[in-house]
Amino acid sequence: MLSKKTNKIQPVRGMKDLYGHEYKQYKMLVDCAVLAGESHGFSVMNTPIIEHRDVFVKSVGETSDIVSKEIYEFTDKGGDLLCLRPEGTAAVMRAIVSEGLTQSMPLKLMYYGEMFRYDRPQRGRYRQFRQFGFEHIGDKSPYNDATLISIVMNLLESLGVSGLSLCINSIGGQESRARYASEIRKILEPKISFLSHDSRIRLDKNPLRILDSKDKCDQDLCASIPPITDYLSDQEREYFANVCSCLDTININYSIDTSLVRGLDYYTDTTFEIKVDNLAVCGGGRYDNLLSEFGGPSVSGVGCAIGIERLFGLISVPETLRKIVVVIPVSDHDIMYAYNVFHSITGTRKEFIHIGDMKKKMQKANKLCADIAVIIGETERQSSTLCVKNMKDGSQEIVDSIGLMNIIDRS
C-alpha cells in the first residue's frame, strides 16, 4: 500500500520487517531455545506455513476466535480451502500422522517460524508473528508438565528476561467441562442482555470462553461464577496437585488462576501462562486425544508456544565475541593484493573497505567499530607484509599473514 505522504510502498498492516537488533534477538532466542530443547531430548520439526483449513477446525475449534475471526483462508487454483498457519501445535499433530511418526511414541518435538492471524495489531501482537514451540506427545505425566514449564522459565531467565510470573490452572476433561459449561449457562442466561456480543454467541457454543473475555462487563458478570476446580473429578484434582508438587520440588514459583482457560478447544487438564508485566509471553497446556483427531492413536500430549515478538526489548543480547577486522588498500594499485589478504582471513567478521580516500576509509572503519585495521600500501605490497593497526589504542605492527592471524587471536 502506498503512503499518501511519501508515496512509498508500506508493509501490510500488522506485518513488519525483521532486521538489526530485533533480528539478533530473534536469532538468539531460537538458538538458545533449540539448545535448551535438545538438552531435554527434543528435536526440531518445521511444518509448512500453508495448511488445509480443516487442520485447525479439527483442533482449535470452529467457534474459536482463531477460526471464526482471525484465520487467513483462501481457495487455491485447485479448489482446496487452505489457510496460513495460525498456530503450531495442530500442524505438528498433522505432520506426526502424515509422516508416519506415530510408531515412535513418545515424541519430543520443537518448532519455530511464522504464524498468521487477522487480529488488531497492538503491543507484541502482529498479524504475521513468530513462535517457538515445544510438544511432548505420548507420555502423560505431571512430571512432563512441570518439566516443560521449567524449560521455558529457565530459558527466559537465561536470556535476561526479568519479572516473569507463572499462572497455572486445570480445566479437567470433557465430562468436567460439560458440567461446568452447564453451570455457566445457568448463571449467565438470565443476564444475557448484559453480555458482550461475542460472549452471547459463546454462551451457546462454548461458555468457558466467556471466562477469557477482555470485556469489562463480561469480567464483572463472571465474578459470580464458581471456579472450574470445583467441578473436577478426584482424579483430575490429584493430577493437578501432582503438577503443583513437581513445580514446588524444583522451586518454580506460580500462582493458581482458576479463570485461566486458554483460547483453544484442544486443551485439557493443565493450562498455564508465563507473563512479563501482565503481558503473556508464553502459553500452553495439556491436550488429550488431539492426535486422534488427525487419525493417530488416542494419546495425551503437553505443549506450549513462546511469542517471540513479545520478547523483543526484553532479551539481553551480548556484544559479539567475534572481532571486526577491516582490510584497507591505500590506493587502487593495492586493491588486488589487499583483496587477496581479505579473502585469506577466517574465523572472524571482516570488511573490505576500498572506496574513497584514506580519510573516508578510516571513517567507515570507525563507524563499523572495527577492532583491527589491516592497511596495505605500496611498501606492504612490495614486501608482502601487512600494517596492522589496533583501532582501540592506535598501536601498529608490521607483520606477515601468519602474524596477522596471531594478532587477531590474541587481541
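The values are calculated or read from the model by the stated rules, or taken from the named source; none is laboratory data. A quick note: this is a predicted structure, and the numbers were derived from the prediction, not measured. We place every Cβ from the backbone using ideal geometry, glycine too, and count neighbours over all the protein chains shown.
Every test in (1) outside the structural domain of residue 276 (by TED's automatic domain parsing); (2) assigned to a loop (DSSP other than H, G, I, E, B); (3) of a type in the set (A, V, I, L, M, F, W, C) is passed by residue 161 save one, and that test is (1). The condition (being at pLDDT 95 or above, of a type in the set (S, T, N, Q) and over 15 Å from the mean Cα position of the chain (by Cα)) is satisfied by just one residue among 64, 43: 43. Residues that are of a type outside the set (Asp, Glu), within 20 Å of residue 26 (Cα to Cα), in the same structural domain as residue 83 (by TED's automatic domain parsing) and assigned to a loop (DSSP other than H, G, I, E, B) occur at least once in the range 127-146. Residue 317 satisfies every condition listed in (1) at pLDDT below 90; (2) closer than 23 Å to residue 143 by Cα except (2). What number of residues within the range 174-195 are more than 16 Å from residue 259 (Cα to Cα), under 32 Å from the mean Cα position of the chain (by Cα) and buried (at least 17 other Cβ atoms within 10 Å of the Cβ)? Qualifying residue count, the range 174-195: 0.
Screening residue 270 against (1) surrounded by fewer than 16 Cβ atoms within 10 Å (Cβ to Cβ); (2) over 30 Å from residue 367 (Cα atoms) leaves a single unmet condition, (1). Residues in the range 203-234 that are under 19 Å from residue 185 (Cα atoms) and touching a residue at least 60 places away in the same chain (Cβ under 8 Å) were compared, and the one that is nearest to the chain's Cα centre (by Cα) is 209.
The residues of the range 99-130 that are small (Gly, Ala, Ser) and in contact (Cβ under 8 Å) with a residue 40 or more places away in the chain, listed by number, are 113, 124. Cβ separations smaller than 9 Å between residues 6+ apart or across chains give the following pairs from the range 324-344 residues that are of a type in the set (Ser, Thr, Tyr) to residues that are part of a strand (DSSP E or B) and surrounded by fewer than 21 Cβ atoms within 10 Å (Cβ to Cβ): 339/352. Look at (1) in a strand (DSSP E or B); (2) surrounded by 18 or more Cβ atoms within 10 Å (Cβ to Cβ) and you find that residue 113 fails only one, number (2). Inside the range 202-219, residues that are over 21 Å from residue 271 (Cα atoms) and surrounded by 15 or more Cβ atoms within 10 Å (Cβ to Cβ) make up a count of 3.
You will find that of 212, 220, 265, the residue that is at pLDDT below 85 and not assigned by TED's automatic domain parsing to the domain that holds residue 55 is 212 and no other.
Only one entry in 200, 237 is under 15 Å from residue 186 (Cα atoms) and part of a helix (DSSP H, G or I), namely 200.
Condition (residue is closer than 30 Å to residue 279 by Cβ, of a type in the set (Ser, Thr, Tyr) and either under 43 Å from the mean Cα position of the chain (by Cα) or outside any strand (DSSP E or B) (or both)) applied to the range 310-318: is it met by at least one residue? Checked the range 310-318: at least one residue is closer than 30 Å to residue 279 by Cβ, of a type in the set (Ser, Thr, Tyr) and either under 43 Å from the mean Cα position of the chain (by Cα) or outside any strand (DSSP E or B) (or both).
Tell me whether the range 214-225 contains one or more residues that are assigned to a loop (DSSP other than H, G, I, E, B), of a type in the set (D, E, K, R) and farther than 30 Å from residue 292 by Cβ. Yes: the range 214-225 contains one or more residues that are assigned to a loop (DSSP other than H, G, I, E, B), of a type in the set (D, E, K, R) and farther than 30 Å from residue 292 by Cβ.
Pairing each residue of the range 185-196 that is under 13 Å from residue 222 (Cβ atoms) with any residue that is among the hydrophobic types (A, V, I, L, M, F, W, C) and assigned to a loop (DSSP other than H, G, I, E, B), provided the two are 6+ apart or on different chains, yields C-beta distances under 9 Å for 187/225; 188/195; 188/225. Does the range 350-360 contain any residue that is hydrophobic (A, V, I, L, M, F, W, C), farther than 21 Å from residue 409 by Cα and in contact with a Leu (Cβ under 9 Å, 6 or more places away or on another chain)? Yes: the range 350-360 contains one or more residues that are hydrophobic (A, V, I, L, M, F, W, C), farther than 21 Å from residue 409 by Cα and in contact with a Leu (Cβ under 9 Å, 6 or more places away or on another chain).
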